[in-house]
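Heads up, the thing below is written out as structure tokens.
Rule-based calculations on the coordinates, nothing more; no lab input. These numbers were taken from a predicted model, which means no experiment stands behind them. As a convention, Cβ positions derive from the backbone with ideal geometry for all residues, glycine included, and neighbour counts pool all protein chains shown.
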Amino acid sequence: MAGRAVWLVVAMVFGLTLACEKAEAPAPAPEAAKKKAFKPTLPEPPDYAKLAAMALKASNGAWTVYGVSMNKAALLDQQVEITGRVKERVVCTTPNDCPDRPYAMLVDPAADRFQVMVVRENDKGFSELEPGATVTLVGHLVEHTSDGKLFRTEGILVIPGGVDPEPTPEVVEPPAGKK
């Protein structure tokens, strides 16, 4: 029994000796293997004092795009009147270049980082929404369209359907001398 205790003590001392030895430091990586530190490019932080002073409603009583953004939870699934500037209009220009649904983006002129997407119920009549124009629109505020093609957490304003202008027919003049 005493022999076992001696071997047990010797094994513990040997194990502690191995555990306490310093591990060798790894060799430094060659210069080519070192990676440069990634530095993300982030936008400037917003001016919170300016944002707090922005109007939630326009002079005509309609919500501003900023106002809708700040009160979206209370306005969802309700009829809303919004005033904003049309930033862009995305419609089908060629058969190969069609979005899931045509839409326009409405921004707040005081802070264009606040945006609301605008769609029409029948996807027609976007010629009325000229980029750069300030408009007041009435529609239903949702986060996604009923067909599931568009989703936007900032909000989508579904406005009544419009009418596309009739294309003007091309008049082909007959060559001179022929009738």
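Observations on the structure shown:
- Quotient of Cα Rg and 2.2 N^0.38 Å for the stretch 50-159, N being how many residues it contains: 1.02
- Projecting the Cα atoms of Thr64, Ser146, Val90 onto the charge dipole of the stretch 50-159, computed from C-beta unit charges around the Cα centre, puts Thr64 farthest toward the positive end.
- Exposure proxy ranking, count of Cβ atoms within 10 Å, fewest first, for Thr145, Thr41: Thr41, Thr145
- Mean Cα-pair separation over length for the stretch 50-159, i.e. relative contact order, pairs under 8 Å, 6 or more apart, %: 27 percent
- Full-stretch length increase - Ala49, Arg113 - with 0.36 nm per residue and alpha-carbon distance subtracted: 21.5 nm
- Nearest-0.05 FRET efficiency for Thr94 and Lys39, computed from C-beta distance (R0 45 Å): 0.70
- Sorted ascending by nearby beta carbons within 10 Å, beginning with the fewest, Arg120, Arg113, Arg85 become Arg113, Arg85, Arg120.
- Whole-Hz couplings from phi, Karplus 6.51/-1.76/1.60, listed for the stretch 76-84; x for Gly and Pro: 4, 6, 10, 6, 10, 10, 10, 10, x
- Dipole magnitude of the stretch 50-159, debye to nearest 20 (Cβ charges: Lys/Arg +1, Asp/Glu -1, about Cα centre): 280 debye
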